[in-house]
Amino acid sequence: MKGLLRAADAFAAGDSGVKRGRMASLFEVMTGRDIAVVGPIILLGSPGAGKGTQAKLITRHYGIPHISTGDILRDNVSRDTELGKKARAAMEQGDLVADDLVNGMVADRLRWPDAQRGFILDGFPRTVAQAEWLDKELAAESRRAPVVIYVDVSYNQLLQRLTGRRTCPVDGKIYNIYFQPPLKQGVCDVCGTQLFQRVDDTEAVISERLKSYERQTLPLVDYYNRQGRLRRVNGELPVEQVTQQIFRAIEGGAAAAND
Ligand code: AP5
């Protein structure tokens, strides 16, 4: 594993030794005589499970983009684009945005050049219909099937995680006033900008988001389990330990993909 992770670090740093022979959604890292394959990676889990926190660490490690449908939608809402206008009401109520809108948005993002070597999907798919669409899209583009990481956190931890979350608007760094407070209250450690609280992190909206998750997203655990793609990690451990489990799960998926 260390070999792959070192090689992945080298790749992220722009080092050579990377085979890019075919147009695939993966990047391949030469490790001696073996070629290890990483991604695409799907982070699955309830609101507040730590998907965004972990995605940022995976991106830094492997040098593949973090594609968060929630972030893209929030950006569209704040710029009041056509997409943002259509998504706003559902997001404010804690409901899911319509599948066709989100699928189209993801299809566009996957065509960016940076996603050709691999990518991490955070918050997508979120319904069985989205997962079926993604399977077809990946197959149509001759990309590999995903490694699905299920970040498992019990219900009673989620409320504190969500009500305590604060985010930096400049670099996207995520804090928590209970578990990961900034050094100076309300201010980003990295850039000194004032942190903000997401508008959907109120108790009323959180309750709706958790209901949507149980009804529409939890069935994806079965969906990917049946495909043999699901890797479950314990999301209640400290952040660094969750990250280590995820790296091992990705490596397991990579090994299976190379068998
Ligand atoms: P989205 O932005 O995807 O929100 P979410 O899924 O509800 O997930 P969160 O961002 O709330 O949580 P997270 O798992 O990323 O946790 P985080 O790392 O921040 O979606 C928002 C909305 O957009 C949806 O409600 C929907 O309307 C719409 N939408 C998005 N995608 C869609 C789709 N595919 N289809 C339809 N609609 C869609 O961590 C949370 C907190 O916990 C932080 O404070 C963090 O510091 C803390 N924390 C993290 N890890 C740990 C740890 N190990 N220990 C202690 N604390 C931790």
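Pairing residues of the stretch 132-158 that are at positive phi with residues that are outside any strand (DSSP E or B) and crowded, with 20+ Cβ neighbours inside 10 Å, at Cβ distances under 6 Å and at least 6 apart in sequence or on separate chains, gives no pairs at all. Candidates are the residues of the stretch 148-184 that are polar (S, T, N, Q) and in contact with a Phe, Trp or Tyr (Cβ under 9 Å, 6 or more places away or on another chain); the one that is surrounded by the most Cβ atoms within 10 Å (Cβ to Cβ) is THR167. Residue count for the stretch 185-206 under the criterion of being exposed (fewer than 12 other Cβ atoms within 10 Å of the Cβ) and at pLDDT below 95: the result is 3.
Close Cβ contacts (under 7 Å, 6 or more residues apart or on different chains) running from residues in the stretch 56-70 that are touching a residue at least 40 places away in the same chain (Cβ under 8 Å) and closer than 15 Å to MET105 by Cα to residues that are aliphatic (A, V, I, L, M) and within 10 Å of the ligand (Cβ to nearest atom) comprise HIS66/ALA55; ILE67/LEU121; SER68/ALA55; THR69/VAL102; THR69/MET105; THR69/VAL106. Scanning the stretch 59-84 for residues that are part of a helix (DSSP H, G or I), among the β-branched types (Val, Ile, Thr) and at pLDDT below 95 returns a single hit, THR59. Confirm whether VAL242 is of a type in the set (A, V, I, L, M, F, W, C), in contact with a strand residue (DSSP E or B) (Cβ under 8 Å, 6 or more places away or on another chain), within 27 Å of VAL170 (Cα to Cα) and without any contact (Cβ under 8 Å) to a residue 12 or more places away in the chain. Criteria not met by VAL242. One residue stands out in the stretch 136-147 among those that are of a type in the set (D, E, K, R) and surrounded by 14 or more Cβ atoms within 10 Å (Cβ to Cβ): the one that is nearest to LEU43 (Cα to Cα), namely ARG144. Considering the stretch 56-112, and only residues there that are closer than 22 Å to ALA204 by Cβ and basic (Lys, Arg), the residue that is nearest to the ligand (Cβ to nearest atom) turns out to be ARG74. Look through the stretch 160-197, keep the residues that are near the ligand (Cβ under 8 Å from one of its atoms) and in contact (Cβ under 8 Å) with a residue 40 or more places away in the chain, and return whichever of them is farthest from SER68 (Cα to Cα). Among them, the one singled out is GLN180.
A residue that is acidic (Asp, Glu) and either within 21 Å of ILE67 (Cα to Cα) or modelled with pLDDT under 95 (or both) cannot be found anywhere in the stretch 221-229.
The values are calculated or read from the model by the stated rules, or taken from the named source; none is laboratory data. The shown structure was predicted, so the numbers you read here are calculated from the model rather than taken from an experiment. Virtual Cβ from ideal backbone geometry, glycine too; neighbours counted across all protein chains shown.
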